[in-house]
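Q: Pasting in a structure now, in structure tokens, and then I'll have a few things to ask.
The values are calculated or read from the model by the stated rules, or taken from the named source; none is laboratory data. Model, not experiment: these values are computed from the prediction. Because the Cβ atoms are built from the backbone with ideal geometry, glycine has one as well, and the counts that use them run over all protein chains shown. These accessible areas exclude ligands, DNA and RNA; they are computed on the full protein's heavy atoms, side chains included. Shrake-Rupley method; radii C 1.70, N 1.55, O 1.52, S 1.80 Å.
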Amino acid sequence: MADDCLFCALVREGDHVRAADGFVAIADIAPQAATHLLVLPARHVPSFREVAEFPPEEAKRMLDFVADTAREAGLDDYRVVVNVGEGAGQTVFHLHWHVLGGRLGGMAA
């Protein structure tokens, strides 16, 4: 874990919605949908560009964790978004997936 990474700190001591198999889910502090969760690997990986660092079994656990988190949040229909790089809107450089479901302010998520 990186000492200066916000998401590493949240993995260590954040308010987890769910935690298992080396991943955690937290609520987004600036939700863009009625349900907006962030799924983070417990270990520090800067972005999706480095996803090849995951061995196949860990990559499967990662995808299963994202899907199980959405299901446990009661979402039948949802989006999963990964911003890769500053130009795409990534503001925290610790790999994370946005799990969005429902509407917020009349806009579809």
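Q: Which ones in region 24-41 are open to solvent by 30 Å² or more (accessible area, probe 1.4 Å), of a type in the set (Gly, Ala, Ser) and either under 29 Å from ASP3 (Cβ atoms) or free of Cβ contacts under 8 Å to residues at least 24 places away in the same chain (or both)?
A: Listed by number, the residues that qualify are ALA27, ALA30.
Q: Still on this structure: Restricting to region 1-23, and then to whatever is part of a helix (DSSP H, G or I) and loosely packed, with under 14 Cβ neighbours inside 10 Å, can you tell me which residue is nearest to the chain's Cα centre (by Cα)? Before you say what the answer is, go through the steps one by one.
A: Residues of region 1-23 that are part of a helix (DSSP H, G or I), as a first pass: 6-13.
Pick out the ones that are also loosely packed, with under 14 Cβ neighbours inside 10 Å and you get 6, 12-13.
Details: LEU6: 13, ARG12: 15, GLU13: 16 Å.
Top of the filtered list is LEU6.
One line per residue, one yes/no per condition, for (1) among the basic types (Lys, Arg); (2) in a strand (DSSP E or B); (3) under 17 Å from LEU10 (Cα atoms):
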residue	(1), (2), (3)
ILE29	no, no, yes
HIS36	no, yes, yes
VAL45	no, no, yes
ALA52	no, no, no
LYS60	yes, no, no
PHE65	no, no, no
HIS94	no, no, yes
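Q: Oh, and also: Out of the residues in region 70-88 meeting the condition of being surrounded by 11 or more Cβ atoms within 10 Å (Cβ to Cβ) and within 8 Å of GLY101 (Cα to Cα), tell me which one is nearest to the chain's Cα centre (by Cα).
A: ARG79
Q: So which residues in region 4-23 are touching a residue at least 40 places away in the same chain (Cβ under 8 Å) and out of contact with any strand residue (DSSP E or B) (no Cβ under 8 Å at 6 or more places or on another chain)?
A: Of everything in region 4-23, those that are touching a residue at least 40 places away in the same chain (Cβ under 8 Å) and out of contact with any strand residue (DSSP E or B) (no Cβ under 8 Å at 6 or more places or on another chain) turn out to be CYS5, LEU6, CYS8, ALA20, ASP21.
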